[in-house]
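J.: Dropping the structure in here first, questions after.
Laboratory data are not the source of any read-out in this text; all were calculated from the coordinates shown. The model shown is predicted, which means the values in this text are computed figures rather than measured ones. Backbone-built Cβ (ideal geometry, glycine too); neighbour counts: all protein chains shown.
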Amino acid sequence: MAMVRTTYGAIMGEQGRGVVRFRGVPYASAARFAPPGPPEAWAGTRDATEHGPVGPQPPSRLRAAMGDFSRPQHEDCLTLTIATPAADGGGRPVLVWLHGGAYWTGAGSLDWYDGGALAAENGCVVVGVNYRLGALGFLAHPEVSPGNLGLADMVAALRWVRENIGAFGGDPGRVTLIGQSAGAHAIMCLLTMAESEGLFHRSICMSPPPAMAPLSSATASEYAAFVADLIGTSPAGLATAPVGKVIDAGMQLARGLAKFADATPPFVPVFDALATPAAFIAAAAEAAGRRGIPLVIGTTREEMHAFFAPDPAMNPPDAEKLAARFAELAGDAEAIELYRRRRPGGSTRDLLGDLVTDHFFLFPSLAFADAVRTAGSAAYVYQFDWAAPGNGFRACHCIELPFLFGNSAAWGDAAMLKGGDVNEIAGLSAILRAMFANFAGSGDPSAVALPWPAYAAPSRPTMIFGAIAGAVGDPAGAAFRAGFDD
């Protein structure tokens, strides 16, 4: 056991296997549609060996790929999970983890995201953040909620880290914000927010969707009014509506907004000035340059297979809808032939997955990296290519998470890993963790025997994490994405 005194009281954590873990550590309090407030201080020593509740949420839409989880849920869910080699004055790099889940599901406290391996092997402090989700975190309407409460929760967590992490062996001057999917999108939003200035110094964006621009306040208000109408109340009435009804109405909204081969969720951050992808990317990159924040930015090779592989409607996809989606994203339905040449023998589901992966994740992420470089900060780009042989999920969205956290037991039900070689997974996992920890420590992810050059034209070096790991030049192909760049 290990005791640490925070600004709100003393906590007792659990020590074992070269790491000390603190769970359920309150960093703020949450009331329905209100900004996060300070947590209530406590007397004596608080037991921090058990997780607190996660935010109210529906089942994950990626459970077929990742597996599922069950945790107690409560609206007052703003807690941290901390793993450290020692609760001392070690001044170690700090990694603050923002989970994905489409701003709708998940929690930083899930066993999937246990930071013990990262902390023990690489000498850093890992902090997982629980933040408010779905309508409770991102619904915006002038009668009930200012919106962006989930982002406000993240800012509150970062302020707590600045004030307290030194007692856990961390360096508040070397905080790396790392997020995946919605968590990476949130990092882009936080970069543009004055409230986050000085709270983090480096960023790792894993599978960000920069093409998913924040909503305008007008659109967000329409969505909120629709949710209220489904429940049978006014927008103001959402403040007291049963939480289960709010979640169910959000699901109905999502079904009503759903489009073919599109992963956009209904509740996302709201910024009128960032409501187009170009404005969003430019603002986040400019802020990174102005603040001197280097970034790691990466995607997986087949992001959309996590969504498409388990969907019977995608095997095969409707031919008319397929052509329309190619025309919408690539500019011409005949562009499918270009994708067919790039993936010989691929099914139409594979080709559609490649198209949406490119235009929702890969191309806008590379545009973000280019913009960061232009703004004067360093960008390091990767592509995660590893996939289990014969596994239909391939190198899908979320596939890199078990490698980052190195806790294979927690991922035993993850279908996306089935058939993978245990030794290969362990070896690649160690490489990924070491490089991300190097970046957190120094701002350069290179390993002694595995250099990772900064991203820059014309060669656009990209680190490939696969059965063979190493940097290559521009795997996406500048000519291939020319239409997107235009």
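J.: In nm, to one decimal, how far is the modelled label at Asp413 from the one at Ala225, with both set 7 Å along Cα→Cβ?
T.: 4.1
J.: Once you keep just the Cα pairs under 8 angstrom separated by 6 or more residues, what percentage relative contact order results for the chain? Spell out each step's value before the answer.
T.: Details: 1066 pairs, mean separation 68.9, N = 486.
So the answer I get is 14 percent.
J.: Please work out whether the stretch 338-486 counts as rounded, prolate or oblate from its C-alpha gyration tensor, where a ≥ b ≥ c are the square roots of the eigenvalues and a/c under 1.5 means rounded, while otherwise a/b larger than b/c means prolate and anything else oblate? Before the final figure, lay out the partial values.
T.: Working: a/c = 2.04, a/b = 1.06, b/c = 1.91.
Verdict is oblate for the stretch 338-486.
J.: Which value in deg cm²/dmol, rounded to the nearest 500, describes the helix-derived mean residue ellipticity at 222 nm for the chain, given -39,500 (n - 2.57) per DSSP H run of n ≥ 4 and division by the residue count?
T.: Numbers: 16 runs with 162 residues, N = 486.
It lands at -10000 deg cm²/dmol.
J.: Can you list, bin by bin at 10 Å, the percent of alpha carbon pairs in the chain, starting at 0?
T.: Histogram of Cα-Cα distances, whole percents per bin: 4, 21, 32, 28, 13, 2, 0.
J.: Follow-up question, since we're still on this one. Roughly speaking, what is the stretch gain from Asn315 to Thr240, that is 0.36 nm per residue apart minus the C-alpha to C-alpha distance, in nm to one decimal?
T.: 22.7 nm
J.: May I pose another question? Once the other residues with Cβ under 11 Å from the Cβ of Thr299 are scored (Lys, Arg +1; Asp, Glu -1), what is the net sum?
T.: Numbers: positive: Arg301; negative: Glu302, Glu303, Asp358, Asp385, Glu400.
So the surrounding residues net to -4.
J.: Cα centroid distance between the stretch 1-33 and the stretch 168-234, in Å?
T.: A separation of 24 Å, based on Cα centres.
J.: Along the charge dipole of the chain, which of Val227, Ala437, Pro142 sits closest to the positive end, that is, farthest toward it, with unit charges on the beta carbon of Lys, Arg, Asp and Glu (+1, +1, -1, -1)?
T.: Ala437
J.: Could you check the spin-label model distance between Asp76 and Ala447? Points 7 Å from the Cα along Cα→Cβ, value in nm.
T.: Inter-label distance under the simple model: 4.5 nm.
J.: Considering only the chain, what is the antiparallel percent among its DSSP beta bridges, to the nearest 5? Numbers along the way, then the final one.
T.: On the way: 24 of 58 bridges.
DSSP beta bridges in the chain are roughly 40 percent antiparallel.
J.: Follow-up question, since we're still on this one. Can you give me the distance in nm between label points at Ala31 and Ala454, each placed 7 Å from the Cα along the Cα-to-Cβ direction?
T.: For the pair Ala31/Ala454, the computed spacing is 4.7 nm.
J.: So, one more: For the stretch 1-157, just the Cα set please: Rg and Dmax, both in angstrom.
T.: For the stretch 1-157, the Cα radius of gyration and maximum Cα-Cα distance read 15.8, 50 Å.
J.: On to the next question. Where nothing but the Cβ of Lys and Arg (+1) and of Asp and Glu (-1) is charged, how large is the charge dipole of the chain around its Cα centre, in debye to the nearest 20? Don't jump to the answer; show the numbers that get you there.
T.: Values: 34 positive and 45 negative charges, 127 e Å.
Approximately 620 debye in magnitude.
J.: Follow-up question, since we're still on this one. Within the chain, what's the longest run with no trypsin sites (Lys or Arg not before Pro) in a DSSP loop and at most 14 other beta-carbon atoms within 10 Å? Give the range, please. All intermediate terms of the calculation are to be shown ahead of the outcome.
T.: Numbers: sites that count: Arg17, Lys259, Lys418.
It works out to 18-258.
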